Amino acid sequence: MTAALLDPYEHRDSGIAAFASESVVIVDRDGQVRYWNPAAERLFGWPELAVRGCKLAALSPTPVDEERAWSQLMQEGSWQGRIGRYARDGDIVYADVRRHLRYDAAGEHCDTLEFALPASGQGEAGLVSDRIMAACWEIDISPASEIVSRIVARAGLAAKGELEDLFLNLVEAARIVEVNERTARLVGGNRGRALMVGQSVAVFWPFGSRRILAELILEAMGDETGKTFHRRIPTDGILRDPIVSLWRADAGRPGHLFIAVNGAADDDRSYLYLRASEARYRKLIDYMPVALWQVDASHMGKIYAKLRAEGVVDFSRYLEQHPQLVEHAAASVPVTDVNRSAIELIGGAGPHDLIQPVGYLFVESPASLRRVMVGRFTGRRNYSEFMKVRTLDGRVRDVRFSVTYPEPLVELDTTIFSMEDVTERLQMEAQLRQLQADFSHAARVSTLGELATSIAHEVNQPLAAIVTNAETSLRWLARDEPDIAKVGQLTARIAASARRADGIVQRVRGMAAKQAPDPVELSFNDIVQESLLFIRHELETRSVRVSTSFARGLPSVFGDRIQLQQVIVNMLINAAQAVERCDHAAREITIATASEKSGNLLFTLRDRGPGIAPEHLARIFDGFFTTKDQGMGIGLAICHSIVVAHGGQISAFNRPGGGAEFRVVLPRTRGLAAAGPVYA
Ligand code: ADP
């Protein structure tokens, strides 16, 4: 057996020694017990809790022999022989032991390993010897000393009911000093040892056997010999035929008592199997890369059942009207366990910092807790959303938060919370979005550069009209009899031309402005028409005709106006360039909008140009792919990224009769909005 298998101080409970049928004890250099496995508990009757830190030699009925054995061990490194040891009930247990010294990396003796088996021929007898020691408690009854004296004084005199109450008060006043891990699991509902320590014994002791415990306490307090008292208690559903043993701690700890609960022997194996598989799962869960919280919301379940019985249906509304119920949950639903990733995410020195009511998880997103509660109320199996969580040192993290609710009819009412830290991912996505926006802005500006001549011409036209009309007006005014009516007409035309020029300038400014995408609900037909206005002159100068077919009653799309215009303008420019060198008859672009059967929106653009070489078809949406001398190869790449960012698809084909066809599919408003993440 190697040291790693018996890593005694760090992983005492998952160590293989916990499952050994041989007694395994580790004693440090000062002779104090550091580890005592369940088989040692069984053989000698002492629970680990009671002997850890005690001198092993103190349990020897023959100290001189014991000392000799230890000095031989020190000289030879190992020792083998028969020893006697005081068992808890005062009997002497004989065992065949092997002891080995262990050394640290520097070669120094660090501790001693003792293996022991019952000495052959020695039968195990008595009430508890053949049993597995399941749970062990150290309790302090000094806060109950007054109740003890009252019971002693009233014994035989008091009415039965009065005494009954005093017994219950006694268990309530007794405090838990320490429990072993098995106790925490068996009776503490996995609330965690830390939460049991310091609490009243009554909170965790099975209700039906409180009176028995009180009687045992009284018996032990009336005894000065250090005897152990045993009583059977009703089964708690976990242990078969449990027996409670109770004895007073040594004089150094006045008012302290030890309680051990032992189950029938054939529970031994199944208990150890259970323990082994539980240990495996615990380990697995502990090392999972996702932060996990185990939460006990059982008492909320009862409140929900009551509300349901009272006829509450819209629980979300109910919580809005009764915010105190959310506050109650935050303050009273305890976290019962957490794994390492949870501690890494939230911070803290250990699990204890996180084992407290769940409220601390929702300080940044109080509405999330409400939604978690609504999920449970409405009988969901799980629920998930993005939210913000505050770490113990005050940082705020973005997390994907999921809840798995307990299955109905399963006895253990445990809810699991999980959190995945997505802060970095969200930051990266934001950076990427910014980069895409910058890129598409750059592309727009470069398109404007290409269109500069057309734009200048477009603005010049109304300006020239303004000048002509203004000069004519002046002439009409200069006459001896100015024709005011004529001047009025001309001034109206001047105003119209000025508005047209302003419209063009606004469109150019929209394209040139660097602004964050601003998704709103839009009419796609409007976007196509605005795009056509934008490059109307460009198309005219190349003698390219555009025939349009706008479907009526199209669903609206959710998106950024300028970016979607950019997609259409880019495709129109490409098509115009493609047909430019063709015959006049072929210089035609056909565009159409339609709604697909699925409700999505379809935009098609066809030209009668040379089409796309088949070997290029797969590459035209790649960045910097171009077949043009002056081309940059970013137009279609930008179209692709804008369409994808809008939840849509863009594709290109060659038409059977010649020419290229581009298709853009965009989801209708509801589809896109529902696909977006939900932020609290
Ligand atoms: P650029 O126009 O600068 O080359 P794009 O990304 O807009 O960049 O287009 C990439 C390539 O796709 C073009 O070089 C061309 O080969 C091809 N292409 C785009 N539109 C058409 C079209 N309507 N007909 C034929 N080829 C096209």
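The values are calculated or read from the model by the stated rules, or taken from the named source; none is laboratory data. Note that the coordinates shown come from a computational prediction; the quantities given were computed from them, not determined experimentally. Every residue, glycine among them, receives a Cβ derived from its backbone with ideal geometry; neighbour counts consider all protein chains shown. Heads up: the accessible areas ignore ligands, DNA and RNA and are worked out on the full protein's heavy atoms, side chains in. Shrake-Rupley method; radii C 1.70, N 1.55, O 1.52, S 1.80 Å.
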Using alpha carbons only, how many degrees (0 to 90, rounded to 10) separate the axis of helix 635-645 from the longest principal axis of the chain? 40
In deg cm²/dmol, rounded to 500, what helix-only [θ] at 222 nm does the chain give when every DSSP H run of at least 4 residues adds -39500 (n - 2.57) and the total is split over its residues? -13000 deg cm²/dmol
Beyond 20 Å, what share of the Cα-Cα pairs of the stretch 435-498 is found? Please give it as a whole percent. 51
Under 5 Å between amide hydrogens, which residues at least 5 positions from TYR35 or on another chain qualify, with H placed 1.01 Å from N in the peptide plane? ILE26
Angle in degrees between helix 160-173 and the longest Cα principal axis of the chain, rounded to the nearest 10: 60
Can you tell me the accessible area per residue over the chain, all protein chains present, probe 1.4 angstrom, in square angstrom? 52
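Provide the FRET efficiency to the nearest 0.05 for the LEU463-ARG425 pair, computing r from the beta carbons and using R0 = 60 Å.
Plugging the Cβ-Cβ distance into 1/(1 + (r/R0)^6) gives 0.70.
Let me check against my output: what whole-number percent is the relative contact order of the chain, with C-alpha pairs under 8 Å and at least 6 apart?
RCO, the chain: 7 percent.
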Just to verify a number: FRET efficiency for LEU101 and SER21, C-beta to C-beta distance, R0 = 30 Å, to 0.05? 0.80
Hey, what D do you get for the stretch 368-516 in µm²/s if you plug the Kirkwood alpha-carbon radius into Stokes-Einstein at 25 °C and 0.890 mPa s? 111
Given a 1.4 Å probe and every protein chain left where it sits, what share in percent of the accessible area of the chain is carbon and sulfur? 54
Expressed to one decimal in nm², the mean projection of the alpha carbon convex hull of the stretch 293-338 is 3.4
Any idea what the relative contact order of the stretch 541-671 is, in percent, if you count C-alpha pairs under 8 Å spaced at least 6 apart? 28
Projected area of the stretch 458-590, taken from the Cα convex hull and averaged over every viewing direction, in nm²? 11.3
With the label point 7 Å along the Cα-to-beta-carbon line of VAL644 and a cut-off under 11 Å to each amide N, the hits in the stretch 615-634 are 621-623
Cβ under 9 Å from VAL399's Cβ, VAL399 left aside: what net charge do those residues give with Lys, Arg +1 and Asp, Glu -1? 0
In whole angstrom, how far apart do the alpha carbon centroids of the stretch 345-383 and the stretch 457-475 sit? 69
Short version: ³J(HN,Hα) in whole Hz for each residue of the stretch 474-485, in order, from phi by Karplus 6.51 cos²θ - 1.76 cosθ + 1.60 (θ = phi - 60°), x for Gly and Pro, what are they? 4, 5, 4, 6, 6, 5, 4, 10, x, 8, 5, 4
Note the angle between two axes, namely the Cα long axis of helix 366-377 and the longest principal axis of the Cα atoms of the chain, as a number of degrees from 0 to 90, rounded to the nearest 10. 70
DSSP-loop trypsin sites (Lys or Arg not before Pro) across the stretch 437-540, with at most 10 other Cβ within 10 angstrom: ARG479, LYS514
How much of the DSSP bridge set in the chain is antiparallel, in percent, rounded to the nearest 5? 95
Suppose each label sits 7 Å from its Cα in the direction of the beta carbon; what would the LEU435-THR391 distance come out to in nanometres? 2.5
Calculate the translational D of the chain in whole µm² s⁻¹ from Stokes-Einstein, where the hydrodynamic radius comes from the Kirkwood formula applied to all Cα pairs, the temperature is 25 °C and the viscosity 0.890 mPa s. 74
Whole-number percent relative contact order across the stretch 557-632, with pairs defined as alpha carbons under 8 Å at least 6 apart: 23
Taking 2.2 N^0.38 Å as the expected size of a compact globular protein, what ratio does the Cα radius of gyration of the stretch 533-680 give against it, to two decimals? 1.09
Once you put a point 7 Å from the Cα of SER543 and another 7 Å from the Cα of ILE484, both along the Cβ direction, what distance in nm separates them? 5.1
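Using 0.36 nm per residue, how much length does the chain from CYS110 to ASN525 gain when fully extended, once their Cα-Cα distance is taken away?
141.1 nm
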